[in-house]
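The values are calculated or read from the model by the stated rules, or taken from the named source; none is laboratory data. Since we're looking at a predicted model, the values are computed, not measured. Neighbour counts run over all protein chains shown; Cβ positions are idealised from the backbone, glycine included.
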Amino acid sequence: MNDSQLKIIPLGGLGEIGKNMMAIELANDIVVIDCGLQFPSYDLKGVDLIIPDTKYLLESSKRITVLITHGHEDHIGALRYLEPLLDCKIYAPKFAELLLSRESKFKYPIKIVDSRVTYQICDGLSATWFSMSHSIPDSMGIVLHTSLGKIVHTGDFKLDFDDEKYQITDRTFLENLRNQDIAILMSDSTYAEIPGVTPSEDILEEPLSEIIENAPGRCIFSTFSSLIRRIQRIINISERYHKKVCFVGSSMHKYTDLAFSNGYLKAEYGTVVNIKYLATLKPSEVVIIMTGSQGEPRSALVRLSNNELDNLTLDENDTVVLSSGVVPGNERKVSDVINKLVGNCREVVYQPLNTVHVHGHAAVEELQWVINTVRPKYFIPIHGEQKHLVQHCKIATEMGIEEDRVFMMTDGDIGVLDDKRFRIEDRLNLTEIWVKGRRIYDACEVLQQERSAVSSAGVCVINLTVTHRDVVVSKCSEFGVVPQERKKQFRIDVEAAITDNQIKLLELMDNLVVNKGRIDEFIRNIIHKMYRVNPKIICNVTFS
Ligand SMILES: [Zn+2]
Ligand SMILES: [Zn+2]
């Protein structure tokens, strides 16, 4: 590879939601934008997290530098696992840096970036971060300046131009890109299916004020811990109505502590109270902000709904507000927690019944605005499932970008940009990397099938002792195969059935090495005939 070309390789986040990671490879360096994690789907057993496959980076002798757009876990969450392996320098906006440094020690101090400042990252590449509105403080897009033109990466964003007070999105900066040589625009596709414009946070002022003002008892909010602007709004409204605010849940404490101590959150002295003092206040003076908006099993809201929280029980006069959207995949869990809450408190307020949340990603008209403003030579939709990327490609062509300049890349594609054109040249064979506790390992289909088989039908362990003419069951135990009251009978039935079938079993045992699988299968069939279940069989044979 020479100076006259660069490669663009998405290692995560294209064709899926989560584990965002985009590599830009130069002659001597690889610059990576974001390094995020993904939460496993409900049916993926025994996996805590999924992180991007970075073997391509690890096998390369080039220097690696990671540039962070913002502090959401799908953008920074894999760094704590991958930074020691990648031996990389990291550049990040301040709030992301605070989150990263709070959790992990990094070899090189993280360089905090300011918007509109250009940093020389390596030979042949400098980067300018620019402010974008999103659902966590200090969200930014990045412009990479290369000898082949500029590459604009929007990060996660919505335009939020209606938010007169904050005006977070740097509109002027984006408008100025129009007259520059923009080779490639990579833009957030999460809400490419949603028409119109994502509303501003400001539209929540009225409905949230009404709820807090009129609540006859306590007001319990559940929202994303990183949604600091929402939390600030709830604090401000609470102060206006002379109410106290209490935070519950470890992640809520983590984010709000960090935000208060670094000036991202503000409250009057005495507004924030510890959960221990709630009993000394009138319920109508109390606003609680807690974790659990996605129905996470160990979150405060779920524990509250199960009456498992220390110092806090649900009251029939409480108003519970889920000030959050449902992240795809969490629908069942959120529904479950709402079902547990309704009937046990005064009211449960949630989307879409009430307007208590706005999204953090741009809808169609905003995506159109960005494409039309930046007018890139090539367009690559990022951050989305296949269907979002396809939709975003359509938006780009409708906005006048020629079809052969719109590239729907997915994870592993190797795109090459030179002074003539951009094209997809090759593809990496990526796998998922699973994290369980401290262990990191490649996704393993067989392991997953085994876990899935055990979780759906249980395990049965049978020890057989073989004499010269008998097969005796020396142990039969099962886990998750039959209900408690039938366990004893199950053992009796299995022992009897094996005794009845011992001639066939003895035949199979003539060649134990060859027939091991067939013996398990034979016993599974015996059990299936009696109980109509298909457990995983572990059969140990000893000869006496
Ligand atoms: Zn985000
Ligand atoms: Zn994201």
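Screening the range 176-195 for residues that are among the β-branched types (Val, Ile, Thr) and more than 16 Å from ligand 2 (Cβ to nearest atom) and picking the one that is surrounded by the most Cβ atoms within 10 Å (Cβ to Cβ) gives ILE184. Checking each residue in the range 67-108 for being more than 16 Å from ligand 1 (Cβ to nearest atom) and part of a strand (DSSP E or B) picks out LYS89, ILE90, TYR91.
Restricting to strands (runs of 3 or more DSSP E) lying wholly in the range 109-212: which have 2 or more residues that are free of Cβ contacts under 8 Å to residues at least 40 places away in the same chain and more than 28 Å from MET252 (Cβ to Cβ)?
Details: elements: 111-113, 118-122, 125-131, 140-146, 149-153, 182-188.
Per the criteria, 118-122, 125-131, 140-146.
Checked against the criteria, GLU398 does not count as within 16 Å of ligand 1 (Cβ to nearest atom) and either of a type outside the set (Gly, Ala, Ser) or free of Cβ contacts under 8 Å to residues at least 40 places away in the same chain (or both). Residues that are outside the structural domain of ALA259 (by TED's automatic domain parsing), out of contact with any helix residue (DSSP H, G or I) (no Cβ under 9 Å at 6 or more places or on another chain) and closer than 18 Å to VAL358 by Cβ occur in the range 134-143; there is at least one. The set of residues from the range 297-323 being part of a loop (DSSP other than H, G, I, E, B), buried (at least 18 other Cβ atoms within 10 Å of the Cβ) and not hydroxyl-bearing (Ser, Thr, Tyr) comprises LEU309, LEU312, LEU314, ASP318.
Residues GLY400, GLY412, GLY360: which one is at positive phi and surrounded by 15 or more Cβ atoms within 10 Å (Cβ to Cβ)?
GLY412
Given the condition closer than 17 Å to GLY77 by Cα and over 21 Å from the mean Cα position of the chain (by Cα), answer yes or no: does some residue in the range 95-106 qualify? Yes, the conditions are met somewhere in the range 95-106. Kindly establish whether ILE64 is without any contact (Cβ under 8 Å) to a residue 40 or more places away in the chain, under 26 Å from LEU174 (Cα atoms) and over 19 Å from the mean Cα position of the chain (by Cα). When the stated conditions are applied, ILE64 does not pass them. For the range 487-502, residues that are more than 21 Å from LYS536 (Cβ to Cβ) and either at pLDDT below 85 or polar (S, T, N, Q) (or both) total 2. Counting only helices (runs of 4 or more DSSP H) that fall entirely inside the range 328-409 and contain at least 2 residues that are modelled with pLDDT under 95, the qualifying elements are 331-341.
Among the criteria (1) within 16 Å of ligand 1 (Cβ to nearest atom); (2) closer than 14 Å to GLY292 by Cβ, the one VAL334 does not fulfil is (1).
Suppose we filter the range 292-326 for residues that are among the basic types (Lys, Arg) and under 19 Å from the mean Cα position of the chain (by Cα); how many remain?
Taking the range 292-326 and keeping what is among the basic types (Lys, Arg), we get 298, 303.
Those left that are additionally under 19 Å from the mean Cα position of the chain (by Cα): 298.
Selection size over the range 292-326: 1.
From the list ASP53, ASP87, the one residue that fits, being away from ligand 2 (no atom under 16 Å from the Cβ) and touching a residue at least 60 places away in the same chain (Cβ under 8 Å), is ASP53. Against the test of being among the hydroxyl-bearing types (Ser, Thr, Tyr), modelled with pLDDT of 95 or more and within 14 Å of ligand 2 (Cβ to nearest atom), the options THR65, THR69 yield a single qualifying residue, THR69. The set of residues in the range 2-36 that are more than 11 Å from ligand 2 (Cβ to nearest atom) and polar (S, T, N, Q) comprises ASN2, SER4, GLN5, ASN28.
Selection of the range 337-365 for residues being closer than 21 Å to GLU193 by Cα and polar (S, T, N, Q) yields GLN351, THR355.
Taking the conditions exactly as written (in contact with a Ser or Thr (Cβ under 7 Å, 6 or more places away or on another chain) and on the phi < 0 side of the Ramachandran plot), does ILE211 satisfy them or not? Answer is yes for this residue. The helices (runs of 4 or more DSSP H) located wholly in the range 440-523 that include 1 or more residues which are in contact with a helix residue (DSSP H, G or I) (Cβ under 6 Å, 6 or more places away or on another chain) occupy 487-500, 502-509.
Does THR198 satisfy the condition of being within 15 Å of ligand 1 (Cβ to nearest atom), surrounded by fewer than 24 Cβ atoms within 10 Å (Cβ to Cβ) and either closer than 30 Å to ASN236 by Cβ or more than 20 Å from the chain's Cα centre (by Cα) (or both)?
Values: within 15 Å of ligand 1 (Cβ to nearest atom): yes; surrounded by fewer than 24 Cβ atoms within 10 Å (Cβ to Cβ): yes; either closer than 30 Å to ASN236 by Cβ or more than 20 Å from the chain's Cα centre (by Cα) (or both): yes.
Yes, satisfied.
Residue-wise test of (1) over 16 Å from GLY71 (Cα atoms); (2) at pLDDT below 95; (3) within 16 Å of ligand 2 (Cβ to nearest atom).
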residue: ALA92; (1), (2), (3): no, no, yes
residue: GLU103; (1), (2), (3): no, yes, no
residue: VAL117; (1), (2), (3): yes, no, no
residue: GLY124; (1), (2), (3): yes, yes, no
residue: MET140; (1), (2), (3): no, no, yes
residue: HIS145; (1), (2), (3): yes, no, no
residue: ASP162; (1), (2), (3): yes, yes, no
residue: LEU174; (1), (2), (3): yes, no, no
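The single residue among SER200, SER238, SER284 that is more than 22 Å from VAL337 (Cα to Cα), hydroxyl-bearing (Ser, Thr, Tyr) and at pLDDT below 95 turns out to be SER200.
Quickly run through the range 240-250 and pick out the residues that are outside any loop (DSSP other than H, G, I, E, B) and buried (at least 17 other Cβ atoms within 10 Å of the Cβ).
First, pick out the residues of the range 240-250 that are outside any loop (DSSP other than H, G, I, E, B): 240, 244-248, 250.
Hits for the range 240-250 are LYS244, VAL245, CYS246, PHE247, VAL248.
Of all the numbered requirements in (1) exposed (fewer than 12 other Cβ atoms within 10 Å of the Cβ); (2) acidic (Asp, Glu); (3) within 13 Å of SER222 (Cβ to Cβ), GLU268 misses one, and that requirement is (3).
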